[in-house]
1. Could you tell me which of the residues A:Ala137, A:Ala127, A:Ala105, A:Ala101 is within 35 Å of the chain's Cα centre (by Cα), loosely packed, with under 15 Cβ neighbours inside 10 Å and closer than 30 Å to A:Leu261 by Cα?
2. Hey, can you tell me all the residues within region B:27-38 that are assigned to a strand (DSSP E or B) and surrounded by fewer than 20 Cβ atoms within 10 Å (Cβ to Cβ)?
3. Within region B:154-178, which residues are closer than 21 Å to B:Val47 by Cα and buried (at least 22 other Cβ atoms within 10 Å of the Cβ)?
4. Only one residue in A:Leu195, A:Leu247 is within 18 Å of A:Val29 (Cα to Cα) and surrounded by fewer than 22 Cβ atoms within 10 Å (Cβ to Cβ). Which one?
5. Could you grab the pairs with beta carbons closer than 7 Å, sequence gap of 6+ or different chains, first residue in region A:187-213 and under 23 Å from B:Arg75 (Cα atoms) and facing chain B (nearest Cβ under 7 Å), second one among the acidic types (Asp, Glu) and not in a helix (DSSP H, G or I)?
6. Of everything in region B:84-99 that's modelled with pLDDT of 90 or more and under 15 Å from the mean Cα position of the chain (by Cα), which residue is nearest to the other protein chains (Cβ to nearest Cβ)?
7. Just a yes or no: is a residue in region A:59-68 in contact with a strand residue (DSSP E or B) (Cβ under 7 Å, 6 or more places away or on another chain), farther than 17 Å from A:Leu227 by Cα, at pLDDT below 85 and surrounded by 14 or more Cβ atoms within 10 Å (Cβ to Cβ)?
8. Might you check whether a residue that is touching a Lys or Arg at 6+ places or on another chain (Cβ under 8 Å) and closer than 24 Å to A:Val157 by Cβ occurs anywhere in region A:80-91?
Amino acid sequence: MKALRAYAHALRRAWAIARSTPLLSLLVVVALATALALPMFAAAVAEGALAAVDRIDAKPTVSVFLVAQAGAKERESAERALRALPGVAAVRFVSRDAALAELAALEGMGDLLAGLDGNPLPDTLVATLSDADPGTAAAVTGRIRSIPGVANVQSDVAWVARLAAIARAIRWVGVLLGALMAAAVVAATFAAARLQALTHRQAIAVSTLLGATRRWVARPYVVHGVLQGAAAGLGAAAIVAAALAGLGGILRPTFPAIADLLAVPALPWTLAAVGVGALLGYAGAWLATRDLSSQPAVA
Amino acid sequence: MSATIRFAGVTKRYPGGHDALVDASFELGEGEFVYLTGPSGAGKSTVLKLVAGIERPTQGTVFVNQQNVGRLTARSLPWLRRNLGLVMPELGLLDDRTVGDNVRLPLDIAGVDRADAGRRVRAALEKVGLAGRERHKPLALSGGEQQRVAIARAVVNRPSVLLADEPTANLDRVAADAVLGLFRDFHAVGVTVVIATHDAGAMARHDARRIALDRGRVLDAGAA
């Protein structure tokens, strides 16, 4: 019960600290929110990109374009050879007429294709690979090229691998930014708590002489740091949500699938941001107030 | 009568080599009323600081309620201070808090619940003649009233020992007598009272045991 009363008192004093230095408290929250938002934004973009890669990786494909003069016999032979290759899970035939019809169905392509004398597209075999590993895909692609009747081979595995590498790089940058910004948040909370303690040094000295323990003296500043960190986490979540919404709005007309992936689930991210912010706020304020009552009691 | 406060061969040397107290030995019994007298620099404030654990003796031992103050750790010192009522220049009132909040501070530190604390704050302020002034800020009060608020804060936690350093300084005779009368009242209910003062007039009007100090030495420990 006494402990609860001590925390209730600390909460009231933390609120009094915030009210006595409102601008400092607000600016610290803004600075912390900005620092937390940067790695959060990088992480959100990286997670979106990796989710996109995961979706594409589910069906890595290789398009095998046959020579223009290939007949049914050559196509069947190429298809058999393709199915026999290790690493090929399935093969689907797309005739040149079906490919043209698919192309014509795309917006704006119909008029363009109407101007052509004939169908310039080749018959195509679309092979679905069992493994998205770029090395395996390269080996399979090399073997396909040697099959008679094959004019060209195009794999989507390579660009998927590039996208995955970029996403991993963004995530790494996010982790690096996260570590740096966490240190910045701790430093900012430390400096703010020190400044606020300095502002209230008479109250600290008097409380110490009246029998306050170090913990009792420090607790309001630590609670204040935790509240600042939590508020900053909330602010950071709002900043990131707004930034992702803006980015999604720009990408949606051209890349709707990617724009969809940038819609980060709001609640878990917000809770995580608030939790991390509170934890970092606690760390900074705790470090700042470790030796409060061991300083000279009387200024 | 058991000793509440005991100084045994206490010397206090401050950095720079100044001896504020030299080989001081005396005892104060439970429920005594004692003046520490002497001119400025006699060592009166140093005695009070040693009792409160604000300073530690360079030599000798200081016992308060059977505890060797010089050996108390930073963790245990707060518990000693909660049994002491302090009225000292170092313990000014907090100007940004109300009179009520200032008086309540020792109770908040001790973890007394809000309702009980409220009752005790009102009772303490009533005792020092400041009933109904809880919501005032200290700066709105006169010097004598501020001193009475400091006394209310010192006694609100029902300490066994009350230490006051020049509590009548800067007060006119009427206000000084009112303040000393309060200390008398607390003494009457069993509180050990130690007042450091060089106000000879006040001491003459409120006679009690005197421990005379000069340049850090105990000249006369008075009769217990």
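The values are calculated or read from the model by the stated rules, or taken from the named source; none is laboratory data. The model shown is predicted, which means the values in this text are computed figures rather than measured ones. When we count neighbours, we look across all protein chains shown, and the Cβ atoms used for this are built from the backbone with ideal geometry, even at glycine.
1. Values: A:Ala137 fails: loosely packed, with under 15 Cβ neighbours inside 10 Å; A:Ala127 fails: loosely packed, with under 15 Cβ neighbours inside 10 Å; A:Ala101 fails: within 35 Å of the chain's Cα centre (by Cα).
From the options A:Ala137, A:Ala127, A:Ala105, A:Ala101, the qualifying one is A:Ala105.
2. Once the filter is applied, which keeps residues that are assigned to a strand (DSSP E or B) and surrounded by fewer than 20 Cβ atoms within 10 Å (Cβ to Cβ), region B:27-38 yields B:Glu27, B:Gly29.
3. Of all residues in region B:154-178, those closer than 21 Å to B:Val47 by Cα come to B:154-155, B:159-169.
Selection gives B:Ala154, B:Val155, B:Val161, B:Leu162, B:Leu163, B:Ala164, B:Asp165, B:Pro167, B:Thr168.
4. A:Leu195
5. Pairs found: A:Leu209/B:Glu90.
6. B:Leu86
7. Yes: region A:59-68 contains one or more residues that are in contact with a strand residue (DSSP E or B) (Cβ under 7 Å, 6 or more places away or on another chain), farther than 17 Å from A:Leu227 by Cα, at pLDDT below 85 and surrounded by 14 or more Cβ atoms within 10 Å (Cβ to Cβ).
8. Restricting attention to region A:80-91, the residues satisfying the condition of being touching a Lys or Arg at 6+ places or on another chain (Cβ under 8 Å) are A:85, A:91.
Still in the running and closer than 24 Å to A:Val157 by Cβ: A:85, A:91.
Yes - at least one qualifying residue is present in region A:80-91.
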